[in-house]
Amino acid sequence: IKFSDVDVEFLKKFKNHLILSGNATTTMNNYLKVLKKYLKVAQGRAIKFPLDPSQIVCGPTTGNRVDLDAIEVNKLIDLFNSDFVNRKHIIPLAKFLISCFTGLRISDVQQISLINIVNEKLRFTAIKTGKRQVISLNATVLEIIEKCPQALTFEISDQSINRNLKSIAKICGIRKKLTFHVGRHSFATNYLRLGGKVEILKELLGHSSINETMNYVHIVQEEQDREMLL
């Protein structure tokens with residue numbers, strides 16, 4: 001594309017292309033932000049083109065979903081294994097970490113028990129969808145359950161778990177608003193960051209439509225787009 005072709009009509013076609021490609025709004029905003037940035041760089045180098053960069057209006061580039069990256073999850077694991085962890089935090093933290101490594105909703109973590117685990121696989125029927133699911137448990141999850149089996153045997157209210165998670169976040173220096181559902185989001189985004197396939201993630205999360213799972217793909221794509229702006 002020549003700079004002389006970058007005009008208002010080009011901007012309209014570019015926006016239509018982003019929409020027709022199925023991008024999330026925040027992803028489209030990121031692409032527009034990248035375009036605007038490099039047009040300004042071109043202007044600074046005295047390169048002329050018809051489009052005024054101020055005509056490119058960029059909306060918000062971050063979504064509402066909160067997730068933890070691998071470093072933040074490891075901070076929680078370190079706290080869980082610490083000799084100084086507050087005893088009242090152990091069970092809520094164990095339940096949350098199980099979600100971070102399996103993608104389970106709070107309703108499912110609250111209903112499963114040790115009998116649901118056979119040969120390092122978790123077998124259960126999801127509360128929300130009624131679907132029968134089988135999830136392989138990695139060594140980290142098995143160690144968490146072994147250290148705190150009460151995570152699958154002791155009842156604690158959803159509200160109490162979320163209250164404790166806020167305190168836990170402060171202790172670990174995590175400035176994000178921590179609720180139990182962040183565990184599910186963290187599992188999905190970290191799975192994709194590590195190169196996992198969206199089709200497999202769909203089954204792991206028990207989604208009925210791939211469109212639901214694509215939301216997490218868009219989040220990871222937006223992170224990559226932001227890297228382009230650095």
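Restricting to segment 93-133, and then to whatever is over 16 Å from G183 (Cβ atoms) and aliphatic (A, V, I, L, M), can you tell me which residue is least open to solvent (accessible area, probe 1.4 Å)? Within segment 93-133, the match that is least open to solvent (accessible area, probe 1.4 Å) is I117.
Of all residues in segment 134-151, those being open to solvent by less than 50 Å² (accessible area, probe 1.4 Å) and either at pLDDT below 95 or under 22 Å from the mean Cα position of the chain (by Cα) (or both) number 5.
Considering segment 178-199 alone, what residues qualify as being part of a helix (DSSP H, G or I) and open to solvent by 40 Å² or more (accessible area, probe 1.4 Å)? Write out each step before concluding.
The first filter runs over segment 178-199 and keeps only residues part of a helix (DSSP H, G or I), leaving 181-193, 198-199.
The answer is H181, Y191, R193, E199.
Confirm whether E143 is touching a residue at least 40 places away in the same chain (Cβ under 8 Å) and either assigned to a strand (DSSP E or B) or not hydrophobic (A, V, I, L, M, F, W, C) (or both). It would help to see each step written out before you state the result.
On the way: touching a residue at least 40 places away in the same chain (Cβ under 8 Å): no; either assigned to a strand (DSSP E or B) or not hydrophobic (A, V, I, L, M, F, W, C) (or both): yes.
Criteria not met by E143.
Quick one: is F49 open to solvent by less than 90 Å² (accessible area, probe 1.4 Å) and outside any helix (DSSP H, G or I)? The answer is yes for F49.
Going by the structure shown, is V57 assigned to a loop (DSSP other than H, G, I, E, B), surrounded by fewer than 19 Cβ atoms within 10 Å (Cβ to Cβ) and in contact with a helix residue (DSSP H, G or I) (Cβ under 7 Å, 6 or more places away or on another chain)?
Working: assigned to a loop (DSSP other than H, G, I, E, B): yes; surrounded by fewer than 19 Cβ atoms within 10 Å (Cβ to Cβ): yes; in contact with a helix residue (DSSP H, G or I) (Cβ under 7 Å, 6 or more places away or on another chain): no.
Criteria not met by V57.
Within segment 209-225, which residues are in contact with a Ser or Thr (Cβ under 7 Å, 6 or more places away or on another chain) and open to solvent by 40 Å² or more (accessible area, probe 1.4 Å)? Q221, the sole residue that qualifies.
Considering K202, K166, which residue is without any contact (Cβ under 8 Å) to a residue 60 or more places away in the chain and either open to solvent by less than 20 Å² (accessible area, probe 1.4 Å) or over 15 Å from G103 (Cα atoms) (or both)?
Details: K202 fails: either open to solvent by less than 20 Å² (accessible area, probe 1.4 Å) or over 15 Å from G103 (Cα atoms) (or both).
When all the criteria are applied, what remains is K166.
The values are calculated or read from the model by the stated rules, or taken from the named source; none is laboratory data. Bear in mind that the values here come from a model prediction, so they are computed numbers and not experimental data. We place every Cβ from the backbone using ideal geometry, glycine too, and count neighbours over all the protein chains shown. Surface areas here come from the heavy atoms of the whole protein model, side chains and all, with no ligands, DNA or RNA. Shrake-Rupley method; radii C 1.70, N 1.55, O 1.52, S 1.80 Å.
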